[in-house]
Amino acid sequence: MRRRLLTLAWSSSQASGTLAIGATAWLLSGLTPSPLVNGVLPALATLPLLLPLPQRIRLGSLFQVLSLLLLLAVAAGLLGRSVLAPLLAIALLAVGLRLGQEPLQRLLHGRGGVPIGELRAGAEAGRLAGNLLTALLFPIGKALLQFGGALVLLLPLAPLVAALQGGGFRAERREGDARAAAAAASTAVEPAPWRLEAGGVLQGLLLGGLFALLPLWVRQQAAGSCFDFGLLLTAYGLGRTGAEAWGLRLPPRLPYLLMAAVLVATQFVGGWGAVLLFVPFGLLAAVADARLALGVDPAGDLQQNWIVLERSSALGGLAGSLGMGLVAQLIGLGASLPIQLAAFLGAGVLLPLLQRHRH
(Lines give C-alpha, C1' and ligand atoms only; values in the text may rest on other atoms or scores of the structure.)
Protein backbone atom coordinates (compact mmCIF):
# COMPACT_ATOMS: atom_id res chain seq x y z
CA MET A 1 0.00 0.00 0.00
CA ARG A 2 2.80 2.41 0.90
CA ARG A 3 4.63 1.73 -2.36
CA ARG A 4 1.46 2.33 -4.34
CA LEU A 5 0.88 5.66 -2.61
CA LEU A 6 4.44 6.77 -3.31
CA THR A 7 4.18 5.78 -6.98
CA LEU A 8 0.87 7.60 -7.39
CA ALA A 9 2.26 10.73 -5.72
CA TRP A 10 5.39 10.60 -7.91
CA SER A 11 3.24 10.23 -11.03
CA SER A 12 1.06 13.13 -9.88
CA SER A 13 4.12 15.37 -9.49
CA GLN A 14 5.23 14.53 -13.02
CA ALA A 15 1.77 15.41 -14.32
CA SER A 16 2.02 18.73 -12.46
CA GLY A 17 5.24 19.79 -14.18
CA THR A 18 4.07 18.71 -17.62
CA LEU A 19 0.71 20.48 -17.21
CA ALA A 20 2.43 23.68 -16.04
CA ILE A 21 4.86 23.77 -18.97
CA GLY A 22 2.21 22.98 -21.59
CA ALA A 23 -0.25 25.51 -20.18
CA THR A 24 2.45 28.20 -20.00
CA ALA A 25 3.50 27.57 -23.60
CA TRP A 26 -0.09 28.12 -24.72
CA LEU A 27 -0.50 31.15 -22.46
CA LEU A 28 2.65 32.77 -23.85
CA SER A 29 1.57 32.18 -27.45
CA GLY A 30 -1.56 34.21 -26.64
CA LEU A 31 0.37 37.02 -24.96
CA THR A 32 2.75 37.56 -27.88
CA PRO A 33 2.89 36.35 -31.50
CA SER A 34 6.69 36.70 -31.50
CA PRO A 35 8.31 33.36 -32.47
CA LEU A 36 11.55 34.42 -30.79
CA VAL A 37 9.90 35.12 -27.42
CA ASN A 38 7.97 31.86 -27.67
CA GLY A 39 11.24 30.08 -28.43
CA VAL A 40 12.79 31.47 -25.24
CA LEU A 41 10.33 29.51 -23.07
CA PRO A 42 11.51 25.95 -23.98
CA ALA A 43 15.10 27.23 -23.87
CA LEU A 44 14.58 28.32 -20.27
CA ALA A 45 12.95 24.98 -19.47
CA THR A 46 15.98 23.15 -20.89
CA LEU A 47 18.87 25.28 -19.62
CA PRO A 48 18.98 23.93 -16.02
CA LEU A 49 19.66 20.43 -17.38
CA LEU A 50 23.06 21.71 -18.51
CA LEU A 51 23.98 23.40 -15.22
CA PRO A 52 25.82 21.74 -12.28
CA LEU A 53 23.14 22.59 -9.72
CA PRO A 54 23.02 21.04 -6.22
CA GLN A 55 20.50 18.31 -5.47
CA ARG A 56 17.98 19.42 -2.85
CA ILE A 57 14.48 17.94 -2.71
CA ARG A 58 12.89 20.53 -0.44
CA LEU A 59 14.47 23.50 -2.19
CA GLY A 60 13.38 22.09 -5.55
CA SER A 61 9.81 21.68 -4.28
CA LEU A 62 9.82 25.26 -2.97
CA PHE A 63 10.91 26.58 -6.38
CA GLN A 64 8.13 24.60 -8.08
CA VAL A 65 5.46 25.93 -5.70
CA LEU A 66 6.68 29.51 -6.16
CA SER A 67 6.59 29.03 -9.93
CA LEU A 68 2.98 27.79 -9.87
CA LEU A 69 1.88 30.62 -7.56
CA LEU A 70 3.43 33.13 -9.98
CA LEU A 71 1.63 31.48 -12.89
CA LEU A 72 -1.65 31.61 -10.97
CA ALA A 73 -1.13 35.35 -10.49
CA VAL A 74 -0.56 35.74 -14.24
CA ALA A 75 -3.67 33.69 -15.06
CA ALA A 76 -5.74 35.77 -12.64
CA GLY A 77 -4.68 38.96 -14.43
CA LEU A 78 -2.81 40.37 -11.41
CA LEU A 79 0.38 40.99 -13.41
CA GLY A 80 -1.08 42.35 -16.63
CA ARG A 81 0.00 40.97 -19.99
CA SER A 82 3.75 41.04 -19.49
CA VAL A 83 5.64 38.08 -20.97
CA LEU A 84 8.37 38.33 -18.34
CA ALA A 85 6.34 36.72 -15.54
CA PRO A 86 5.56 33.46 -17.44
CA LEU A 87 9.18 33.21 -18.57
CA LEU A 88 10.44 33.75 -15.02
CA ALA A 89 7.96 31.18 -13.72
CA ILE A 90 9.15 28.54 -16.17
CA ALA A 91 12.78 29.28 -15.26
CA LEU A 92 11.90 28.75 -11.56
CA LEU A 93 10.00 25.56 -12.37
CA ALA A 94 12.86 24.15 -14.45
CA VAL A 95 15.42 24.91 -11.73
CA GLY A 96 13.13 23.31 -9.15
CA LEU A 97 12.80 20.16 -11.21
CA ARG A 98 16.57 20.02 -11.75
CA LEU A 99 17.23 20.41 -8.02
CA GLY A 100 14.76 17.81 -6.86
CA GLN A 101 14.09 15.11 -9.45
CA GLU A 102 17.21 12.94 -9.16
CA PRO A 103 17.47 12.89 -5.33
CA LEU A 104 13.71 12.33 -5.13
CA GLN A 105 13.97 9.27 -7.36
CA ARG A 106 16.79 7.90 -5.21
CA LEU A 107 14.77 8.47 -2.05
CA LEU A 108 11.66 6.78 -3.44
CA HIS A 109 13.69 3.88 -4.78
CA GLY A 110 15.87 3.48 -1.71
CA ARG A 111 13.96 4.16 1.50
CA GLY A 112 10.59 4.01 -0.23
CA GLY A 113 11.28 0.69 -1.91
CA VAL A 114 9.73 1.66 -5.27
CA PRO A 115 11.40 -0.23 -8.16
CA ILE A 116 13.13 1.89 -10.80
CA GLY A 117 10.91 0.41 -13.52
CA GLU A 118 7.81 1.42 -11.58
CA LEU A 119 9.13 4.97 -11.17
CA ARG A 120 9.81 5.24 -14.90
CA ALA A 121 6.37 3.89 -15.77
CA GLY A 122 4.80 6.30 -13.27
CA ALA A 123 6.68 9.22 -14.78
CA GLU A 124 5.51 8.29 -18.29
CA ALA A 125 1.91 7.96 -17.11
CA GLY A 126 2.17 11.28 -15.27
CA ARG A 127 3.51 13.12 -18.31
CA LEU A 128 0.73 11.71 -20.49
CA ALA A 129 -1.85 12.74 -17.90
CA GLY A 130 -0.33 16.24 -17.71
CA ASN A 131 -0.57 16.71 -21.47
CA LEU A 132 -4.14 15.41 -21.52
CA LEU A 133 -5.11 17.74 -18.67
CA THR A 134 -3.61 20.64 -20.63
CA ALA A 135 -6.28 19.92 -23.23
CA LEU A 136 -9.20 19.06 -20.96
CA LEU A 137 -8.93 21.76 -18.29
CA PHE A 138 -8.65 24.75 -20.63
CA PRO A 139 -12.24 24.65 -21.98
CA ILE A 140 -13.53 24.45 -18.38
CA GLY A 141 -11.50 27.09 -16.53
CA LYS A 142 -8.77 28.26 -18.91
CA ALA A 143 -5.27 28.98 -17.54
CA LEU A 144 -6.48 29.58 -13.97
CA LEU A 145 -7.81 26.03 -13.68
CA GLN A 146 -4.75 24.60 -15.44
CA PHE A 147 -2.25 26.16 -13.03
CA GLY A 148 -4.49 25.50 -10.04
CA GLY A 149 -4.66 21.87 -11.12
CA ALA A 150 -0.87 21.73 -11.46
CA LEU A 151 -0.49 23.01 -7.89
CA VAL A 152 -2.97 20.45 -6.54
CA LEU A 153 -1.16 17.64 -8.40
CA LEU A 154 2.16 18.66 -6.88
CA LEU A 155 1.00 18.68 -3.25
CA PRO A 156 0.43 14.93 -2.48
CA LEU A 157 4.13 14.11 -2.71
CA ALA A 158 5.24 16.57 0.00
CA PRO A 159 3.92 14.77 3.14
CA LEU A 160 5.09 11.37 1.89
CA VAL A 161 8.60 12.66 1.20
CA ALA A 162 8.66 14.39 4.59
CA ALA A 163 7.68 11.11 6.24
CA LEU A 164 10.43 9.22 4.40
CA GLN A 165 13.05 11.83 5.24
CA GLY A 166 11.96 12.44 8.80
CA GLY A 167 11.34 8.94 10.05
CA GLY A 168 7.75 8.24 9.01
CA PHE A 169 6.45 4.73 8.36
CA ARG A 170 8.21 3.66 11.58
CA ALA A 171 7.07 0.08 11.54
CA GLU A 172 9.08 -0.41 8.35
CA ARG A 173 11.99 1.90 9.14
CA ARG A 174 14.65 -0.71 9.81
CA GLU A 175 13.73 -2.83 6.84
CA GLY A 176 13.55 0.30 4.67
CA ASP A 177 17.01 1.46 5.70
CA ALA A 178 18.51 -1.94 4.91
CA ARG A 179 16.74 -1.99 1.56
CA ALA A 180 17.95 1.55 0.85
CA ALA A 181 21.55 0.54 1.44
CA ALA A 182 21.21 -2.52 -0.78
CA ALA A 183 19.44 -0.53 -3.49
CA ALA A 184 22.09 2.19 -3.42
CA ALA A 185 24.81 -0.39 -3.81
CA SER A 186 23.05 -2.22 -6.62
CA THR A 187 22.02 0.84 -8.61
CA ALA A 188 24.96 3.16 -8.04
CA VAL A 189 26.05 4.77 -11.28
CA GLU A 190 29.28 6.61 -11.76
CA PRO A 191 28.78 10.16 -13.03
CA ALA A 192 28.84 10.15 -16.80
CA PRO A 193 31.78 12.03 -18.30
CA TRP A 194 30.88 15.47 -19.58
CA ARG A 195 30.91 15.06 -23.33
CA LEU A 196 28.57 15.66 -26.20
CA GLU A 197 27.18 13.25 -28.74
CA ALA A 198 26.83 14.91 -32.14
CA GLY A 199 23.74 12.87 -33.01
CA GLY A 200 22.02 13.88 -29.78
CA VAL A 201 22.79 17.57 -30.37
CA LEU A 202 21.41 17.36 -33.92
CA GLN A 203 18.24 15.55 -32.84
CA GLY A 204 17.75 18.13 -30.07
CA LEU A 205 18.03 20.87 -32.67
CA LEU A 206 15.31 19.25 -34.78
CA LEU A 207 12.77 18.55 -32.05
CA GLY A 208 13.57 21.69 -30.04
CA GLY A 209 12.96 23.90 -33.07
CA LEU A 210 9.71 22.12 -33.91
CA PHE A 211 8.10 22.07 -30.47
CA ALA A 212 9.20 25.61 -29.59
CA LEU A 213 6.87 26.93 -32.30
CA LEU A 214 4.12 24.30 -31.98
CA PRO A 215 1.77 26.47 -29.85
CA LEU A 216 2.03 29.29 -32.41
CA TRP A 217 1.47 26.81 -35.26
CA VAL A 218 -1.70 25.49 -33.63
CA ARG A 219 -2.97 28.97 -32.75
CA GLN A 220 -2.07 30.93 -35.92
CA GLN A 221 -1.68 28.46 -38.78
CA ALA A 222 -4.31 25.88 -37.80
CA ALA A 223 -6.67 28.26 -35.96
CA GLY A 224 -6.74 25.71 -33.15
CA SER A 225 -7.26 25.94 -29.39
CA CYS A 226 -5.40 24.80 -26.30
CA PHE A 227 -7.55 21.66 -26.47
CA ASP A 228 -5.99 20.83 -29.85
CA PHE A 229 -2.50 21.70 -28.61
CA GLY A 230 -2.83 19.46 -25.55
CA LEU A 231 -4.11 16.58 -27.65
CA LEU A 232 -1.14 16.92 -30.03
CA LEU A 233 1.24 16.65 -27.07
CA THR A 234 -0.70 13.68 -25.71
CA ALA A 235 -0.58 11.91 -29.08
CA TYR A 236 3.17 12.51 -29.30
CA GLY A 237 3.66 11.08 -25.80
CA LEU A 238 1.58 8.01 -26.64
CA GLY A 239 3.76 7.42 -29.68
CA ARG A 240 6.95 7.64 -27.64
CA THR A 241 5.60 5.14 -25.12
CA GLY A 242 4.54 2.78 -27.89
CA ALA A 243 8.02 2.65 -29.39
CA GLU A 244 9.42 0.98 -26.25
CA ALA A 245 6.42 -1.33 -25.94
CA TRP A 246 6.69 -2.56 -29.54
CA GLY A 247 10.49 -2.72 -29.64
CA LEU A 248 10.43 -1.18 -33.13
CA ARG A 249 13.72 -1.08 -35.04
CA LEU A 250 14.25 0.87 -38.27
CA PRO A 251 17.23 1.65 -40.54
CA PRO A 252 19.11 4.79 -39.35
CA ARG A 253 17.83 7.16 -42.05
CA LEU A 254 14.23 6.06 -42.10
CA PRO A 255 12.88 7.66 -38.86
CA TYR A 256 13.93 11.17 -39.98
CA LEU A 257 12.60 10.75 -43.51
CA LEU A 258 9.30 9.44 -42.15
CA MET A 259 9.07 12.28 -39.59
CA ALA A 260 9.46 14.76 -42.44
CA ALA A 261 6.69 12.93 -44.33
CA VAL A 262 4.41 13.09 -41.28
CA LEU A 263 4.98 16.85 -40.95
CA VAL A 264 4.05 17.32 -44.61
CA ALA A 265 0.93 15.21 -44.09
CA THR A 266 -0.23 17.43 -41.22
CA GLN A 267 -0.54 20.29 -43.72
CA PHE A 268 -3.13 18.35 -45.71
CA VAL A 269 -5.08 16.73 -42.88
CA GLY A 270 -7.04 18.79 -40.40
CA GLY A 271 -8.73 18.14 -37.07
CA TRP A 272 -8.37 14.71 -35.54
CA GLY A 273 -6.30 13.50 -38.48
CA ALA A 274 -3.50 15.93 -37.65
CA VAL A 275 -3.66 14.92 -33.98
CA LEU A 276 -3.42 11.22 -34.81
CA LEU A 277 -0.41 11.82 -37.03
CA PHE A 278 1.56 12.88 -33.95
CA VAL A 279 1.32 9.31 -32.61
CA PRO A 280 3.61 7.87 -35.32
CA PHE A 281 5.71 11.03 -35.12
CA GLY A 282 6.38 10.38 -31.42
CA LEU A 283 7.07 6.72 -32.11
CA LEU A 284 9.64 7.61 -34.78
CA ALA A 285 11.33 10.15 -32.49
CA ALA A 286 11.65 7.54 -29.74
CA VAL A 287 13.07 4.97 -32.18
CA ALA A 288 15.68 7.50 -33.32
CA ASP A 289 16.54 8.28 -29.66
CA ALA A 290 17.03 4.60 -28.84
CA ARG A 291 19.36 4.08 -31.79
CA LEU A 292 21.40 7.15 -30.81
CA ALA A 293 21.68 5.95 -27.20
CA LEU A 294 23.00 2.57 -28.32
CA GLY A 295 25.47 4.31 -30.63
CA VAL A 296 27.03 6.54 -27.94
CA ASP A 297 29.19 3.64 -26.73
CA PRO A 298 28.03 0.23 -28.00
CA ALA A 299 30.25 -1.58 -25.50
CA GLY A 300 29.46 0.75 -22.59
CA ASP A 301 26.72 1.03 -19.98
CA LEU A 302 23.36 1.91 -21.55
CA GLN A 303 22.32 4.10 -18.62
CA GLN A 304 25.49 6.15 -19.05
CA ASN A 305 24.76 6.39 -22.77
CA TRP A 306 21.30 7.80 -22.05
CA ILE A 307 22.77 10.43 -19.70
CA VAL A 308 25.19 11.58 -22.42
CA LEU A 309 22.38 11.60 -24.98
CA GLU A 310 20.03 13.58 -22.72
CA ARG A 311 22.68 16.25 -22.09
CA SER A 312 23.46 16.47 -25.78
CA SER A 313 19.78 16.66 -26.72
CA ALA A 314 19.23 19.35 -24.09
CA LEU A 315 21.98 21.49 -25.60
CA GLY A 316 20.61 20.92 -29.09
CA GLY A 317 17.06 21.64 -27.93
CA LEU A 318 18.13 24.92 -26.37
CA ALA A 319 19.88 26.01 -29.56
CA GLY A 320 17.05 24.70 -31.74
CA SER A 321 14.28 26.53 -29.90
CA LEU A 322 16.15 29.84 -29.95
CA GLY A 323 17.44 29.35 -33.50
CA MET A 324 14.11 28.42 -35.06
CA GLY A 325 12.42 31.19 -33.08
CA LEU A 326 14.87 33.69 -34.55
CA VAL A 327 14.45 32.31 -38.08
CA ALA A 328 10.64 32.46 -37.84
CA GLN A 329 10.90 35.97 -36.41
CA LEU A 330 12.87 37.08 -39.47
CA ILE A 331 11.09 35.25 -42.29
CA GLY A 332 7.67 34.53 -40.82
CA LEU A 333 6.11 31.50 -39.13
CA GLY A 334 4.70 29.98 -42.31
CA ALA A 335 7.99 30.26 -44.19
CA SER A 336 9.85 28.40 -41.44
CA LEU A 337 8.13 25.06 -42.15
CA PRO A 338 10.17 24.28 -45.30
CA ILE A 339 13.33 24.91 -43.26
CA GLN A 340 12.20 22.44 -40.62
CA LEU A 341 11.38 19.85 -43.29
CA ALA A 342 14.78 20.34 -44.88
CA ALA A 343 16.40 19.88 -41.46
CA PHE A 344 14.68 16.50 -40.93
CA LEU A 345 15.63 15.35 -44.42
CA GLY A 346 19.20 16.51 -43.87
CA ALA A 347 19.38 14.64 -40.56
CA GLY A 348 18.31 11.47 -42.34
CA VAL A 349 21.40 11.82 -44.53
CA LEU A 350 23.87 13.24 -42.02
CA LEU A 351 23.30 11.26 -38.80
CA PRO A 352 24.07 7.79 -40.22
CA LEU A 353 27.25 9.22 -41.76
CA LEU A 354 28.31 10.69 -38.41
CA GLN A 355 27.76 7.38 -36.61
CA ARG A 356 29.56 5.41 -39.31
CA HIS A 357 32.52 7.78 -39.14
CA ARG A 358 32.77 7.39 -35.36
CA HIS A 359 32.62 3.62 -35.29
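For PHE278, indicate whether it is part of a helix (DSSP H, G or I) and within 26 Å of PRO33 (Cβ to Cβ). Judged against the criteria, PHE278 is a match.
For (1) in a helix (DSSP H, G or I); (2) on the phi < 0 side of the Ramachandran plot; (3) under 16 Å from the mean Cα position of the chain (by Cα); (4) not aliphatic (A, V, I, L, M), each residue gets a yes or a no:
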| site | (1), (2), (3), (4) |
| --- | --- |
| THR24 | yes, yes, yes, yes |
| GLY30 | yes, yes, no, yes |
| ASN38 | yes, yes, no, yes |
| LEU41 | yes, yes, yes, no |
| PHE63 | yes, yes, no, yes |
| LEU68 | yes, yes, no, no |
| SER82 | no, yes, no, yes |
| LEU88 | yes, yes, no, no |
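In this structure, is VAL296 of a type in the set (Val, Ile, Thr) and crowded, with 18+ Cβ neighbours inside 10 Å? Here the answer is yes, as VAL296 does meet what is asked. Being within 26 Å of PRO48 (Cα to Cα), open to solvent by 20 Å² or more (accessible area, probe 1.4 Å) and under 18 Å from the mean Cα position of the chain (by Cα) holds for only one residue in SER321, SER313, and it is SER313. One residue alone among THR234, THR241 is over 17 Å from LEU136 (Cα atoms) and open to solvent by less than 60 Å² (accessible area, probe 1.4 Å), and that residue is THR241.
To keep it simple, each residue is scored yes or no on (1) free of Cβ contacts under 8 Å to residues at least 60 places away in the same chain; (2) open to solvent by less than 10 Å² (accessible area, probe 1.4 Å); (3) aromatic (Phe, Trp, Tyr).
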site	(1), (2), (3)
GLY96	yes, yes, no
GLN101	yes, no, no
ARG106	no, no, no
ARG111	no, no, no
GLY117	yes, no, no
PHE147	no, yes, yes
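In a residue-by-residue description of region 236-250, the property of being modelled with pLDDT of 90 or more, at negative phi, hydrophobic (A, V, I, L, M, F, W, C) and under 21 Å from the mean Cα position of the chain (by Cα) applies to at least one position. The residue pairs whose first member lies in region 16-45 and is farther than 16 Å from MET324 by Cβ, whose second member is part of a helix (DSSP H, G or I) and of a type in the set (D, E, K, R), and whose beta carbons are closer than 6 Å, counting only pairs six or more residues apart or on different chains, are THR18/ARG127. Summed over region 183-201, the residues that are buried (at least 19 other Cβ atoms within 10 Å of the Cβ), at pLDDT below 90 and over 29 Å from VAL114 (Cα atoms) give a count of 3. Within this structure, GLY273 fails the test of being open to solvent by less than 30 Å² (accessible area, probe 1.4 Å) and in contact with a Leu (Cβ under 9 Å, 6 or more places away or on another chain).
Here is the figure for region 252-262: residues that are open to solvent by 20 Å² or more (accessible area, probe 1.4 Å) and either modelled with pLDDT under 80 or among the aromatic types (Phe, Trp, Tyr) (or both) total 1.
The values are calculated or read from the model by the stated rules, or taken from the named source; none is laboratory data. Here the structure is a predicted model, which is why all the values come from computation and not from measurement. Glycine also receives a Cβ, built like all others from the backbone with ideal geometry; neighbour counts cover every protein chain displayed. Please note that ligands, DNA and RNA were not included when accessible areas were found on the heavy atoms of the full protein model with its side chains. Shrake-Rupley method; radii C 1.70, N 1.55, O 1.52, S 1.80 Å.
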